[in-house]
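Presented below is the structure to which this report refers.
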Amino acid sequence: MDACCTDKSSALAQLSERQTHTLRVVLVLNAAMFVVEFGAGLLAGSVALLGDSLDMLGDALVYGFSLYAIGLGSVWKARAALAKAAAMGLMGAVVLGQLVFKLIHPQIPVVETMGAIGALALIANGVCFALLWRHCAEDINMRSVWLCSRNDLIANVSVLFAAWAVWMAQSPWPDTLVGALICTVFLRSALAVAREARDELRTGDKVAGTASAPHR
């Protein structure tokens, strides 16, 4: 039995080490792409790029929470997932604000910048998605991180589609609609992560209650 516990502890330590390395890589990629996309979005006048850049910033914060949660118990991981859900919801609200501003002050964005930066973001998030795929079934914390990466790919493709549609129609509306799509996906994912975390916390409370109950 002692050997079994030792082997399990070693396996958990190796798992945490792999997760930490992966999260550090995707954290750096997302933080760098936030700076690039936000600056490009401002210069190009693209609400889709600005929304996607805030998505990158939100993910960088999410990965920071995930790094904090590695090695903790399931209850603390669920609490970290709740914090990530709050961060995702906040970013969705920011994108909504950008949409309102664009509706009040419409302008046609620079499609060349949208296309180039959107393609760069898609490549970066493709790398993140591949790195996180092997960890998505390990625990709730890593699953919520993988959900963020999946949403990033959807947002990146949407930005590229918006660039093409703006070029074809010579209208800012495709850019605005993509901003709305990013906001919707963001908020739905935040809700999904919050629900999983809530269920995990309820399970943890039941286990704790059973353990603390007096034995007869």
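The values are calculated or read from the model by the stated rules, or taken from the named source; none is laboratory data. A quick note: this is a predicted structure, and the numbers were derived from the prediction, not measured. Cβ placement follows ideal geometry from the backbone for every residue including glycine, while neighbour counts extend to all protein chains displayed. Each accessible area value is taken on the protein alone, full model and side chains, heavy atoms only, with ligands, DNA and RNA left out. Shrake-Rupley method; radii C 1.70, N 1.55, O 1.52, S 1.80 Å.
Looking only at residues that are of a type in the set (S, T, N, Q) and within 14 Å of the chain's Cα centre (by Cα) in region 45-75, which one is surrounded by the most Cβ atoms within 10 Å (Cβ to Cβ)?
Let us first name the residues in region 45-75 that are of a type in the set (S, T, N, Q), namely 46, 53, 66, 74.
Subset that is within 14 Å of the chain's Cα centre (by Cα): 53, 66.
Details: SER53: 25, SER66: 27.
The selected residue is SER66.
Evaluate the following for ALA78: is it open to solvent by less than 60 Å² (accessible area, probe 1.4 Å), in contact with a helix residue (DSSP H, G or I) (Cβ under 7 Å, 6 or more places away or on another chain), under 24 Å from ALA197 (Cα atoms) and among the aliphatic types (A, V, I, L, M)? So ALA78 passes the test.
Of the residues GLY97, GLY118, GLY126, which is open to solvent by less than 60 Å² (accessible area, probe 1.4 Å) and either in contact with a Phe, Trp or Tyr (Cβ under 6 Å, 6 or more places away or on another chain) or free of Cβ contacts under 8 Å to residues at least 12 places away in the same chain (or both)? Can you show your working first?
Numbers: GLY118 fails: either in contact with a Phe, Trp or Tyr (Cβ under 6 Å, 6 or more places away or on another chain) or free of Cβ contacts under 8 Å to residues at least 12 places away in the same chain (or both); GLY126 fails: either in contact with a Phe, Trp or Tyr (Cβ under 6 Å, 6 or more places away or on another chain) or free of Cβ contacts under 8 Å to residues at least 12 places away in the same chain (or both).
After applying the criteria, what remains is GLY97.
A search for C-beta distances below 6 Å between a residue of region 180-202 that is without any contact (Cβ under 8 Å) to a residue 60 or more places away in the chain and closer than 22 Å to VAL100 by Cα and any residue that is buried (at least 18 other Cβ atoms within 10 Å of the Cβ) and not β-branched (Val, Ile, Thr), counting only pairs 6+ apart in sequence or on different chains, returns LEU181/SER158; VAL185/ASN151. Apart from one condition, LEU42 fits all of (1) surrounded by fewer than 18 Cβ atoms within 10 Å (Cβ to Cβ); (2) closer than 25 Å to TRP173 by Cβ; (3) at pLDDT 85 or above; the exception is (3). Counting only helices (runs of 4 or more DSSP H) that sit completely within region 29-136, those holding 1 or more residues that are in contact with a Lys or Arg (Cβ under 7 Å, 6 or more places away or on another chain) correspond to 47-69, 111-133.
Could you tell me which residue of region 131-176 is farthest from ARG79 (Cα to Cα), considering only residues that are open to solvent by 70 Å² or more (accessible area, probe 1.4 Å) and modelled with pLDDT under 90? Before the answer, list the steps.
If we filter region 131-176 for residues that are open to solvent by 70 Å² or more (accessible area, probe 1.4 Å), which is where we start, we get 133-134, 137, 143, 150, 154, 157, 161, 164, 167-168, 170, 173.
So of that shortlist, the ones also modelled with pLDDT under 90 come out as 133-134, 137, 143, 150, 154.
Numbers: TRP133: 22, ARG134: 23, ALA137: 18, ARG143: 14, ARG150: 22, ILE154: 26 Å.
In this case the residue turns out to be ILE154.
GLY89 meets each of the listed conditions (1) touching a helix residue (DSSP H, G or I) at 6+ places or on another chain (Cβ under 6 Å); (2) small (Gly, Ala, Ser); (3) over 30 Å from GLU200 (Cβ atoms) apart from (3).
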